[in-house]
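The values are calculated or read from the model by the stated rules, or taken from the named source; none is laboratory data. This structure is a prediction, so every number in the text was calculated from the model and none was measured. Cβ: placed from backbone, ideal geometry, glycine included. Neighbour counts: every protein chain shown.
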Amino acid sequence: MSTKTVEINVAQGREMGPGGSAVPSPLAPFDIPEPDLGGDRMLINIGPQHPATHGVLRLVCELDGETVTRVKPDIGYLHSSFEKLGEYRTWNQIVPLTDRMDYLAPLIYNCAFVMSVEQLMGIQVTERCKVVRVILMELDRIFGHLLWLGTTAIDVGAFTPFLYSFQQREKIYTLHEALTGARITTSATRVGGMMADLPEGWLDDLLEFLDRFPKTLDEVDRLLTGNQIHIGRTQGVGAISADEAINYGLTGPNLRASGVAYDLRKDRPYYDYETYDFEVPIGEHGDCYDRYLCRMEEMRQSVRILYQAMARLPEGPINVEDPNISLPSKTDAMSDMESMIHHFKLITEGIPAPEGDCYGAVEGSKGELGMYVVAEEGGTKPVRWRVRPPSFVNLSVIPKLAEGHLVSDLIMINASLDIVLGEIDR
């Protein structure tokens, strides 16, 4: 009885029978027909009450298995009508509305609004006010990035960076409270200056934070940057080219991660940012991993700016010394009749503005934040107040970034964009 020999042709994935005839091999992947399950695509909702949507955002997803074929962001669940409310409030009364747009970095919004109003009115703030606003804006850039870092780490499955980042955020909350009396809703700025100067000892507390914060940042860097799980969840996920990012109107770290070195602090400087020594980090691939790296480096650069700002902080008044713009001191208002009259008129009537319009923009923690105000002659309230919010624009790219990825990748893509719904549903 002869023994039958079988030879495996690996390159062709076929078995060779006697005489070289080919027979089907159960090992060849292309010989196994894929079953046609004939299933329909599934429509699911993620949010609006879901921790992974980072706010009351609803993502309507069409899935083929676990692959996202289409996604539509549905917004409006937090609509607050901030822009319409501004038309019925004086210029300074609008300031509390601004920090409720991005409650993750409120001082940036406070400064952005009054800067646009001051440009409209032709007001030049004092040198001390400029530096103080730079300090507050860079501090809140770190503040906003830390929340993004902690919550994104949770989405990727890392809990320790969340604890580290929120511990540092708590220290900034304390600085907020010492300056403004509130932890989140700061309302710190006024047209022509600030609600108050820096309290005694505040700069010492800030310096203590700056001396310790980079060590925590380095520790989070060691936990995440080389972590293979984090790399696998973020590298190559949600990538967008430089041209596409520009076409979608992305700004901030989401744009710079694609290799576009656009930063308003460098390209259209304000508050003397052109005199500070700092770098603008940019990425190469435009994926979730590069967006992570850009924000990590931005926090380090903000520390550099803060050290420089503290070193150059001049003495002098924090507010413009004009009774038609700035409130008199409490002592003057209670002891001098003319000061009391100015105080009364500014509180009840507001600051009159010339006829015209103005657009002022700053580099917020999430991208370009623009404030457009329209005034009529002598108007103490805006005829129109329009905000160019970075999160609203950045959110529009989710359908492109998520298509073809898994549902778990959609969670990472949404987290990497760093959106806040208070600003989107304004």
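The figures follow:
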{"quantity": "Count of residues meeting criterion [surrounded by fewer than 20 Cβ atoms within 10 Å (Cβ to Cβ) and within 20 Å of the chain's Cα centre (by Cα)] in segment 304-315", "calculated": "1"}
{"quantity": "Any hit, segment 378-388, residues being in contact with a Leu (Cβ under 6 Å, 6 or more places away or on another chain), assigned by TED's automatic domain parsing to the domain that holds residue 106 and surrounded by 21 or more Cβ atoms within 10 Å (Cβ to Cβ)", "calculated": "no"}
{"quantity": "Count - residues of segment 243-280 that are in contact with a Pro (Cβ under 8 Å, 6 or more places away or on another chain) and more than 30 Å from residue 117 (Cβ to Cβ)", "calculated": "0"}
{"quantity": "Some residue of segment 370-377 being out of contact with any helix residue (DSSP H, G or I) (no Cβ under 8 Å at 6 or more places or on another chain), assigned by TED's automatic domain parsing to the domain that holds residue 138, loosely packed, with under 14 Cβ neighbours inside 10 Å and not in a loop (DSSP other than H, G, I, E, B)", "calculated": "no"}
{"quantity": "Looking only at segment 339-351, and only at residues there that are surrounded by 15 or more Cβ atoms within 10 Å (Cβ to Cβ) and within 35 Å of the chain's Cα centre (by Cα), the one that is farthest from residue 384 (Cα to Cα)", "calculated": "346"}
{"quantity": "Condition met for residue 262 (touching a helix residue (DSSP H, G or I) at 6+ places or on another chain (Cβ under 9 Å), touching a residue at least 24 places away in the same chain (Cβ under 8 Å) and outside the structural domain of residue 127 (by TED's automatic domain parsing))", "calculated": "no"}
{"quantity": "The listed residue being within 19 Å of residue 294 (Cβ to Cβ), without any contact (Cβ under 8 Å) to a residue 24 or more places away in the chain and not in a helix (DSSP H, G or I), out of 226, 236", "calculated": "226"}
{"quantity": "Conditions (1) of a type outside the set (D, E, K, R); (2) under 21 Å from residue 182 (Cβ atoms); (3) touching a His at 6+ places or on another chain (Cβ under 9 Å): number failed by residue 108", "calculated": "(3)"}
{"quantity": "Tally of residues being crowded, with 19+ Cβ neighbours inside 10 Å and among the β-branched types (Val, Ile, Thr) across segment 262-291", "calculated": "1"}
{"quantity": "All helices (runs of 4 or more DSSP H) inside segment 384-426 with 3 or more residues being closer than 16 Å to residue 253 by Cα", "calculated": "390-395, 407-417"}
{"quantity": "Filter result for the condition that a residue is under 25 Å from residue 194 (Cα atoms) and in contact with a strand residue (DSSP E or B) (Cβ under 6 Å, 6 or more places away or on another chain), over 304, 265, 312", "calculated": "265"}
{"quantity": "Criterion: in contact with a Ser or Thr (Cβ under 9 Å, 6 or more places away or on another chain) and surrounded by fewer than 20 Cβ atoms within 10 Å (Cβ to Cβ) - qualifying residue of 236, 259", "calculated": "259"}
{"quantity": "Selection count where residues are part of a loop (DSSP other than H, G, I, E, B) and either more than 16 Å from residue 389 (Cα to Cα) or in the same structural domain as residue 184 (by TED's automatic domain parsing) (or both), scope segment 80-103", "calculated": "10"}
{"quantity": "Residue match in segment 65-78 (condition: within 21 Å of residue 350 (Cα to Cα) and either of a type in the set (A, V, I, L, M, F, W, C) or modelled with pLDDT of 95 or more (or both))", "calculated": "no"}
{"quantity": "Conditions (1) buried (at least 24 other Cβ atoms within 10 Å of the Cβ); (2) touching a helix residue (DSSP H, G or I) at 6+ places or on another chain (Cβ under 7 Å); number of the one not met by residue 117", "calculated": "(2)"}
{"quantity": "Which numbered condition residue 231 fails, given (1) closer than 30 Å to residue 127 by Cα; (2) surrounded by fewer than 17 Cβ atoms within 10 Å (Cβ to Cβ); (3) in the same structural domain as residue 214 (by TED's automatic domain parsing)", "calculated": "(1)"}
